[in-house]
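Trainee: Structure incoming, see below.
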Amino acid sequence: MIRSVVRGVGSALPRRIMKNSEFAATLDTSDEWIVQRTGIRQRHIAAADETTASLGEAAARAALADGGLTPDDIDLIVLATSTPNNTFPATAVEVQHRLGMRHGFAFDLQAVCSGFVYAVATADGHIRNGLAKRALVIGAETFSRILDWNDRSTCVLFGDGAGALVLEAHEGEGSVADRGVLAASLRSDGTHKDKLYVDGGPSTTGTVGHLRMEGREVFKHAAGMITDVIEATFAQAGITADDLTWFVPHQANKRIIDASAKKLGIAEEKVVTTVDLHGNTSAASVPLALDVAVKDGRIRKGDLVMLEAMGGGFTWGAVLVRW
């Protein structure tokens, strides 16, 4: 059986760090209020010369360097984003060009905050089907470009950044002991579209628009939906929460992360949390958290890691990886 094994991981963050205290000058909020309700203490905000493509390129180069590879070794790029550089072409194609690649194929994937989990599952399918040997899977966002900075319920939550993995085809035995992507579960339900969306688009308003969210509704659905896909992934792999080494969830809100882990019976010490440092970076949040946990030595070769995310649509999904 062909498995998609992680060969390298990397990330990139904008230069500017925005602390919670900066919001107090223009909004009726405070550091204490934001931390208490979200767990967020700061986020990175992209400058004019920092884009989804430039951050994606930097994260991709870091992942390639981590794996001892060059762009010549890659034949597929899947880039998850909701904030592309252009309506078209795909930002993945721009990253391909920035990397100096004239071979292989590249495309964007749009599943909002679930984008990176969807992208890992998609790249894994291409690798297992023989369409690619090595894939760059990137989550890159500049959500600061679509925020309403007068809406304290949303603008304090999000940040910018990018993270990337290199997946490589390896032969496995077909058991849970194999390294690589072992199982995945993806879901969506469009009836919840109006609970988390952007109020613009080429086909409707002809504008970019701003992010809008019914926070209580999103929170209400989050834990149940997350539990759904994780339990389905556990069942596919024939494991339980006790078998996990690490749980790397979408970094949206500390209370959602804690509630989900508790409901699933995942011990607190197994949860990787970076929401305090990055805020919600949508499709970039899971790979950013992965990179932190790999670089600080927590995630090691052979560890069993569950990735999870939920985003607008609603979309939600989980991927189990043996590191």
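The values are calculated or read from the model by the stated rules, or taken from the named source; none is laboratory data. Not measured: the values here are computed from a predicted model. Every residue, glycine as well, gets a Cβ built from its backbone with ideal geometry; the counts of neighbours run over all protein chains shown. Note: accessible area is taken over every heavy atom of the protein model, side chains too, but ligands, DNA and RNA are not part of it. Shrake-Rupley method; radii C 1.70, N 1.55, O 1.52, S 1.80 Å.
Trainee: Summing -39500 (n - 2.57) over the DSSP H runs of n ≥ 4 in the chain and dividing by its residue number, what mean residue ellipticity at 222 nm do you reach, to the nearest 500 deg cm²/dmol?
Mentor: Mean residue ellipticity at 222 nm (helix-derived): -9000 deg cm²/dmol.
Trainee: Also: For segment 86-244, treating each Cα as an identical point scatterer without solvent, what Debye log10 I(q)/I(0) comes out at q = 0.09, 0.20 1/Å?
Mentor: -0.40, -1.41
Trainee: Ignoring ligands, DNA and RNA, please state the percent of accessible area on the chain from carbon and sulfur, probe 1.4 Å.
Mentor: 50 percent
Trainee: Students often forget the sequence filter, so: which lysines lie under 25 Å Cα-Cα from K220 once same-chain residues fewer than 8 apart are removed?
Mentor: K193, K195, K254, K262, K263, K270
Trainee: Over the chain, what relative contact order in percent results from Cα pairs under 8 Å that are six or more residues apart?
Mentor: Taking the mean separation of contacting Cα pairs over the length of the chain, I get 26 percent.
Trainee: Once every Cα of the chain carries one equal point scatterer and solvent is ignored, give the base-10 log of I(q)/I(0) from the Debye formula at q = 0.09, 0.12, 0.14 Å⁻¹, two decimals.
Mentor: These q points yield log10 I(q)/I(0) values of -0.41, -0.75, -1.04.
Trainee: Continuing with this model, one more query. Which value results for Rg/Rh of segment 88-154 when Rg is the Cα radius of gyration and Rh the Kirkwood radius based on the inverse mean 1/r?
Mentor: Expressed as Rg/Rh, it is 1.08.
Trainee: Considering Cα pairs under 8 angstrom that are at least six residues apart, work out the relative contact order of segment 134-280 and quote it in whole percent.
Mentor: Reported as a whole number, the value is 21 percent.
Trainee: Using +1 at the Cβ of each Lys and Arg and -1 at the Cβ of each Asp and Glu in segment 188-261, identify which of T240, Y197, A223 lies farthest towards the dipole's positive end.
Mentor: Of the candidates, Y197 comes out farthest on the positive side.
Trainee: For the chain, with every protein chain kept in place, what is the accessible area per residue (1.4 Å probe, Å²)?
Mentor: Accessible surface, normalised per residue, equals 41 Å².
Trainee: Quick one: accessible surface of K254, probe radius 1.4 Å, all protein chains present, in square angstrom to the nearest 10.
Mentor: 60 Å²
Trainee: Also: Using alpha carbons only, how many angstrom separate the centre of segment 5-63 from the centre of segment 150-194?
Mentor: 18 Å
Trainee: Using 0.36 nm per residue, how much length does the chain from T191 to E269 gain when fully extended, once their Cα-Cα distance is taken away?
Mentor: Stretched out fully, the T191 to E269 stretch lengthens by 24.6 nm.
Trainee: Still on this structure, please answer the following. What FRET efficiency, computed as 1/(1 + (r/R0)^6) with R0 = 51 Å and r the Cβ-Cβ distance, is obtained for R128 and E22, rounded to the nearest 0.05?
Mentor: 0.65
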